[in-house]
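Note sheet for the following structure.
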Amino acid sequence: MLTKLSTYHHTELSEALLKGTVEMTLGCFSMRIKATDPTLLDFLYDAYRDVPTNLELSDVTDISLKVHAPNILRRYIRRQVIADPGFIVPAAPLPPRLSPLALEMGLNLSVALKCCRFTTFHSAVVAKEKGAILISAHSGGGKSTLASALMNDGYRLFSDEFGLMDMSDASLWAHPRPVSLKGQSIDIVKEFTGAEWITKTLTGTPKGDIAYRRVRPSDIEESSTPAFAKLILFPTFIEGASPHARELAKAESLMKLIPSSTNYHLLGEAAFKGLLKLVKGARAYEIVYGSTEDSMQMVRDLASGAGL
Amino acid sequence: MTLKWLKIISAESPMPKSIAERANLIDFADAHHVLGQMAVAWAGKAKGKMKDVLENGLLRTEFDHRMLQFEMDRLERSLEGTGVQPVLLKGAAYVACGTKAGEGRRVSDIDVLVCENELAKVEECLINTGWAFDLGVDNDYDLYYYRKYMHELPPLRHNKRRTIIDVHHSLLPRTSRMKIRTDLMLKASISIEGRALRVLQPIDMFIHSAVHSFADGSFDTPARSILELHYLLQHLNVSEINKLIPRAEEVGGIKATATALWALSTLYQDETAASLFRQYGLKPVSSLVRYALTQKINNVESATFAKFLLFTRSHFLRMPLHLLLLHLGRKFMRRALKLIKKADPQES
Amino acid sequence: MPAGPYSDDTQWCADPDKIILETLEDVTVAFHKVSGDTHILNFMSAAVVAVLSEGPETFASATPKILNYIQLDEADCPDGIIKETILQLDEVDLIAPSRGNQ
Amino acid sequence: MENKNDKSDLFLERRRQLLKMGAAGMPMVLTLRASAQEAIISQLRCVITLADSFKILVDDSGAAWVGSRNIRTKRDGSYKASSLKKFKDRANFVYPEGSAPASYRPDACEECEVDDSHSHGHDDDNWYTDANGDKQSSSDLLAHLSDNNGNYAMTDYLAGSGDDDSHNHNPACDDHGHTQGNGDCGYALYEYRRGMAINPGEYVSGNGFTISGDVGLYLALSTIYADEYGGNGSWPGISCIVSVLNYLGQ
């Protein structure tokens, strides 16, 4: 039943993309993709190689995304692509060679704004058997690099972008899409993970160079098993800073997580109760670090202190 | 979309066999803001991912309804002791009085109707409790224009919660060619149990919805409008149905009501609407308008021509010709304001 | 800013059914079930909510109960701070004038 | 009730201190603002205050001209051709066809044919399958704008759509098959005032991002600008826009 994307022939995948019947399932969300652009095909083979994929829909999907040129006229005059998760996004229309970015952006927006069954935190999550680490995003915090380093330390990837919390028991669920790496972190991650795990770099995006770390088959195979957070990190990267951690009170952790959620307010009481369970069940730290090696040693110590 | 989807959304027709069609239907329902209504109609009947997807719609509308509830509480608190009991309109009313048209309906702001002589008091109370005229209305002339030509205060936004309330004292602008007897509708309004708020009586709710969809508005959310009218009509008992047309004549909403009944019978195969239409020998609106409405519901994205017709038409209905000629081609009042100001210096 | 008209005779009360109160270490978190807002209360606002949950009080009648709750004397309490706290809580509906008791 | 004996002097002193701060205006209740609106949060919080007024002129192809000149109008409310041309020539920014979202484009001035199969209203049974599919954009809009017939046509059209008595009339075309321009067909103008505050984050909603109102057009063009030039250049509010887009692209 589970057919990896890479096993499909170019022509059949391309036809299904045009028809909008490509269905991929990653952890708790299924996605339906429609696209008119051939660049996207190469990216899918590269970044989504091992993802379970159908070329006919087996059911409706959590996410339905169309990546297309913004209008007919533009398709001919100056081809551009825009992601359309079913609502109007004032996202920059991107030239076709950047359609992978449009896809990733559209998928992120769909999770953030359309999927309401989980309380969604803007954060990376990785886990071992004993529990999970939630790394809250904070611009320049380096959550993707940190998550990548932890993957090499024996953690499985849940997501580098979203913490997805089941509100009944505060368990975290996986949706392991490729890890997005920007600028310098591309080389940093390449060094410890090996170049074969990193996709081709997209240059000249509105945010500089971007590459993705492919998700490992093991991350995908275990992606329906949830985990409970034992450690919550709020990292800040400061060039040259010596590593430092400060433990946060429960209320502080709660106050920092609420604004990082895309749908906490929308979900109301259930989200509040879930969040209380989450912060009560985990130790939380604010960490400052100046290099990935520094941060890893500190995170290993904090993780073992939190029972991971 | 296809028209038959409307009946699937309301669970009056079975789910399509084809998965691809189901997926397209879900995209349509979501884009047209009726996923929550579909979720309510299909509660307990949907399975697998369909159930998950509908739950997304439901959770969003539950949020809307809590926000609405809170805003109603705040409105009552703001007016406490004044004796003013605003009449909730549209979505807020359907949700507050628990009628089927409110179930699963998205609501983004709150529209209320008060008597003209209560307007100043309401404005004062709201301003004293954190509401302010919304961005864009930033000078005295705009405010003057709103009061003089439109049927409401400019929208008020709460400075902390950022929610919007529209306070009307007439169901249509003073400048509108169509005259709706707001006074009669206000008089017949009924109070909501346990609240210092009121709603229109059920027949008037239907007439107002028709006026809003086909005269005041430009049929911008066709799927939602059709479902809303269908549920409101369904909610009427036999004696109310018998009074509908005479009441529409009485309050001046017969044209909009006839269009609504035509739309329901043609686009939704609503039997009640069709039989009323025949029974009273109602005259439908022009074929061009019918064409535009149908285009719009069939394909919202590509029907720009139809959309323009409706846009122009809705403005036409709101303003006398001499004002419209000045106004047309702008989506907002700016230029019209300046010209009126010039033409009519003693007014400013 | 208050959420509506009030006077010195207004009877204020908190509705425990609308609120979930949770103490995390020394901070009180108040979740309002209808607005969906999460509020952080300090000892003063937490005391006001606790006292008004017991029953309706005016500004004047609430004052000694609140002072007793926070273990301070009237002299410690700057003028108007209790009233101001009540009005701040009114704004977010953690307390409200009691209905039919005005 | 708290236990008095547990409280040290220091503790009570801290409380006194806090109350003094309260009297000085420190809030006693802190509301955590978290909502889908503010979702993605800090990057979406910037507010643009327009330093100068400007206007955006949009034609039916979605091309847009941004400038600050006034465009003069004729008595009937339509734009003066010469003034339009000047506005376009002196525009500070010009966007190609397809830039403005469809909802901001005015209708093109229609070309009509005298052909029963394309006229509405005569055959009521067929009216809704009889789509007016092949409308042609006018190549010379300015010619229509200066055509008096346009004004007559609009009045006629309005009567046709709004008045039951003439509901068989097709207002888009007159009976002679002439092309009609109406007052502003072909162009729409949006004005943005100096000092106006624009908060792009407010256009993020639980329902997604919405392009609505005049601000929506500004946002749509801003994203195109950002795509071309990033955060540099003189487009109003571009750095805020780029910070929002940076989140979106993450």
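Is it fair to say A:S295 is open to solvent by less than 40 Å² (accessible area, probe 1.4 Å), within 30 Å of A:Q184 (Cα to Cα), part of a helix (DSSP H, G or I) and small (G, A, S)? Spelling it out, A:S295 is indeed open to solvent by less than 40 Å² (accessible area, probe 1.4 Å), within 30 Å of A:Q184 (Cα to Cα), part of a helix (DSSP H, G or I) and small (G, A, S).
Selection of region B:36-47 for residues being at the interface with another protein chain (Cβ under 10 Å from one of its Cβ atoms) and open to solvent by less than 50 Å² (accessible area, probe 1.4 Å) yields only B:A46.
Of the listed requirements (1) in contact with an Asp or Glu (Cβ under 9 Å, 6 or more places away or on another chain); (2) more than 11 Å from chain A (Cβ to nearest Cβ), B:T99 misses just one: (1).
Among the residues of region A:188-211, is any among the hydroxyl-bearing types (S, T, Y), in the same structural domain as A:S136 (by TED's automatic domain parsing), surrounded by fewer than 21 Cβ atoms within 10 Å (Cβ to Cβ) and within 20 Å of A:D50 (Cβ to Cβ)? Taking every residue of region A:188-211 in turn, none turns out to be among the hydroxyl-bearing types (S, T, Y), in the same structural domain as A:S136 (by TED's automatic domain parsing), surrounded by fewer than 21 Cβ atoms within 10 Å (Cβ to Cβ) and within 20 Å of A:D50 (Cβ to Cβ). Summed over region D:15-30, the residues that are at the interface with chain C (Cβ under 7 Å from one of its Cβ atoms) and assigned to a helix (DSSP H, G or I) give a count of 7. In region A:141-158, is there at least one residue being of a type in the set (F, W, Y), open to solvent by less than 10 Å² (accessible area, probe 1.4 Å) and assigned to a strand (DSSP E or B)? So far as region A:141-158 goes, yes, one or more of its residues are of a type in the set (F, W, Y), open to solvent by less than 10 Å² (accessible area, probe 1.4 Å) and assigned to a strand (DSSP E or B). Of the residues A:A284, A:A245, A:A249, the single one that is at pLDDT 95 or above and farther than 15 Å from A:A170 by Cα is A:A284.
Return yes when C:A50 is assigned to a helix (DSSP H, G or I), of a type outside the set (F, W, Y), out of contact with any strand residue (DSSP E or B) (no Cβ under 6 Å at 6 or more places or on another chain) and within 9 Å of chain D (Cβ to nearest Cβ) and no when it is not. Yes; evaluated as a whole, the condition is true for this residue. Listed conditions (1) within 14 Å of another protein chain (Cβ to nearest Cβ); (2) within 25 Å of B:I203 (Cβ to Cβ) are all met by B:L88, apart from (1). Note on region C:53-97: residues that are of a type outside the set (S, T, N, Q) and assigned to a helix (DSSP H, G or I) amount to 22. Taken over region C:47-58, residues that are open to solvent by 20 Å² or more (accessible area, probe 1.4 Å) and hydrophobic (A, V, I, L, M, F, W, C) amount to 1. Identify, from the list A:S253, A:S261, A:S224, the residue that is assigned by TED's automatic domain parsing to the domain that holds A:I135, crowded, with 22+ Cβ neighbours inside 10 Å and within 17 Å of the chain's Cα centre (by Cα). The unique qualifying residue is A:S261.
Among the residues making up region C:30-46, those that are in contact (Cβ under 8 Å) with a residue 24 or more places away in the chain, out of contact with any Ser or Thr (no Cβ under 7 Å at 6 or more places or on another chain) and open to solvent by 10 Å² or more (accessible area, probe 1.4 Å) are C:V34, C:F43. In the condition set (1) under 18 Å from B:E228 (Cα atoms); (2) hydroxyl-bearing (S, T, Y); (3) open to solvent by 20 Å² or more (accessible area, probe 1.4 Å), B:S18 is compliant with all but (1).
Considering region C:12-29 alone, what residues qualify as being surrounded by 19 or more Cβ atoms within 10 Å (Cβ to Cβ) and either assigned to a loop (DSSP other than H, G, I, E, B) or within 8 Å of another protein chain (Cβ to nearest Cβ) (or both)? Hits for region C:12-29 are C:A14, C:V27, C:V29. A:R300 meets all of the listed conditions (1) assigned to a helix (DSSP H, G or I); (2) open to solvent by less than 10 Å² (accessible area, probe 1.4 Å) but one, namely (2).
Of the residues making up region B:76-85, those that are at the interface with chain C (Cβ under 9 Å from one of its Cβ atoms) and touching a Leu at 6+ places or on another chain (Cβ under 8 Å) number 2. Of the residues making up region B:111-152, those that are part of a loop (DSSP other than H, G, I, E, B) and modelled with pLDDT of 80 or more are B:V114, B:C115, B:T129, B:G130. The number of residues in region C:59-87 that are facing chain D (nearest Cβ under 7 Å), open to solvent by 30 Å² or more (accessible area, probe 1.4 Å) and touching a residue at least 12 places away in the same chain (Cβ under 8 Å) comes to 1. Test A:I186 against the criterion of being assigned to a helix (DSSP H, G or I), under 27 Å from A:L98 (Cβ atoms) and not acidic (D, E), and give yes or no. Taking the combined requirement at face value, the residue satisfies it. Residues of region A:209-228 that are in contact (Cβ under 8 Å) with a residue 40 or more places away in the chain and in contact with a helix residue (DSSP H, G or I) (Cβ under 6 Å, 6 or more places away or on another chain): A:Y212, A:R213, A:R214.
The values are calculated or read from the model by the stated rules, or taken from the named source; none is laboratory data. Keep in mind the model is a prediction, meaning the values are calculated, not measured. Positions of Cβ are backbone-derived with ideal geometry, glycine not excepted, and every protein chain shown enters the neighbour counts. When the accessible area is computed, the model is the full protein with side chains, heavy atoms only, and any ligands, DNA or RNA have been set aside. Shrake-Rupley method; radii C 1.70, N 1.55, O 1.52, S 1.80 Å.
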